[in-house]
Amino acid sequence: MEKLIITAAISGAEVTKEHNANVPYTIDEVVKEAVAAYEAGASIIHLHVREDDGTPTQDKNRFKEAIDAIKAVCPEVIVQPSTGGAVGMTDEARLQPTELHPEMASLSTGTANFGGDDVFMNTDTSIQNFCKTFQERGVKPEIEIFDKGMVDAANRYIKMGLINTPAHFDFVLGVQMAGEARDLAFLVDSIPAGSTWTVAGVGRYELPLAALAITMGGHVRVGFEDNIYLGKGEKAKSNADLVKRVADLAKLLGREIATPDEAREILSLAPRK
Ligand code: KMH
Ligand code: ZN
């Protein structure tokens, strides 16, 4: 089985210091969390950025500042900016980090309910525009899947030539679609042969889905964006705690951890210059 890629989604846009005081807002906090996650075994940092007061932003200068600061300490790590941003942001705002030509960025292929009145909106027109922008800027999408219809949509965009293959999927389970074993199996069975996939289990789904992905040959995303707890009522002190737990589990199950350069090979990204 190929080595395991661990992604650390260190900050998110919706989780706050009120939920867990260790959620990073400032550039220094972001770097500290990214470096600790990398040292614990993460090869990809899925990145949202905030103003110092915690307000989510897609400002490309803030992304550049964060990415440059992370790369100054960990030149090898893959930084994957979000183009989901926060609920309610415009497409124009959300696409800003792709102007920096990152190796990868997240791209959702459908709309999802985020609880209450919050809707993470992605119309067909928007998605096609996102896909074209990714292609023009040479950015590989991590296709963020919140339910099965989004896989079907992604498969249509692939057929239309709007998403290059081999594609890479991230199944974010426990927001809209549940995260039981059968849900993951259904999704994995629905993506094109030759694709790679990772799973981000939200809340209580994080650890069981990580165990499944490790044994099924997929990859794993963890971090404060998805889950702030290590155990019932026990808040993680750092994203590194959550990464380390997956790395330990992988070791126990006999799966080696990929370095960022090995992750680049697995994901068909260009080798690092
Ligand atoms: N914060 C959500 C509105 C992504 O990063 O691409 C969108 C999100 C998905 O987190
Ligand atoms: Zn995200």
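Couple of notes before you dig in:
- Count - residues of segment 220-239 that are away from ligand 2 (no atom under 16 Å from the Cβ), in contact (Cβ under 8 Å) with a residue 40 or more places away in the chain and in a strand (DSSP E or B): 1
- Of all residues in segment 246-253, one or more are touching a residue at least 24 places away in the same chain (Cβ under 8 Å) and over 23 Å from Val79 (Cβ atoms).
- Neighbours by Cβ (under 7 Å, 6+ apart or cross-chain): first from segment 40-64, within 13 Å of Gly85 (Cβ to Cβ); second open to solvent by 70 Å² or more (accessible area, probe 1.4 Å) and modelled with pLDDT of 95 or more: Thr57/Glu51; Lys60/Glu99
- Scope segment 55-69; condition open to solvent by 30 Å² or more (accessible area, probe 1.4 Å) and not in a helix (DSSP H, G or I); matching residues: Thr55, Pro56, Asp59
- Summed over segment 3-27, residues that are touching a residue at least 12 places away in the same chain (Cβ under 8 Å) and either of a type in the set (Asp, Glu) or in a strand (DSSP E or B) (or both) total 6.
- Single unsatisfied condition, Glu265 versus (1) open to solvent by 20 Å² or more (accessible area, probe 1.4 Å); (2) touching a Lys or Arg at 6+ places or on another chain (Cβ under 8 Å): (2)
- Selection within segment 152-184 - open to solvent by less than 50 Å² (accessible area, probe 1.4 Å) and closer than 22 Å to Gly203 by Cβ: Phe169, Asp170, Phe171, Val172, Leu173, Gly174, Met177, Ala178, Gly179, Asp183, Leu184
Conditions (1) assigned to a helix (DSSP H, G or I); (2) within 16 Å of ligand 1 (Cβ to nearest atom); (3) open to solvent by less than 60 Å² (accessible area, probe 1.4 Å), marked per residue:
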{"residue": "Met1", "(1), (2), (3)": "no, no, no"}
{"residue": "Val30", "(1), (2), (3)": "yes, yes, yes"}
{"residue": "Ala34", "(1), (2), (3)": "yes, yes, yes"}
{"residue": "Glu39", "(1), (2), (3)": "yes, no, no"}
{"residue": "Asp53", "(1), (2), (3)": "no, no, no"}
{"residue": "Met89", "(1), (2), (3)": "no, yes, yes"}
{"residue": "Thr98", "(1), (2), (3)": "yes, yes, yes"}
{"residue": "Leu107", "(1), (2), (3)": "no, yes, yes"}
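The values are calculated or read from the model by the stated rules, or taken from the named source; none is laboratory data. All of these numbers come straight from a predicted model, not from anything done at the bench. Note: ideal-geometry Cβ built from the backbone for every residue, glycine included; neighbour counts use all protein chains shown. Surface accessibility is based on the protein's heavy atoms, side chains included, excluding ligands, DNA and RNA. Shrake-Rupley method; radii C 1.70, N 1.55, O 1.52, S 1.80 Å.
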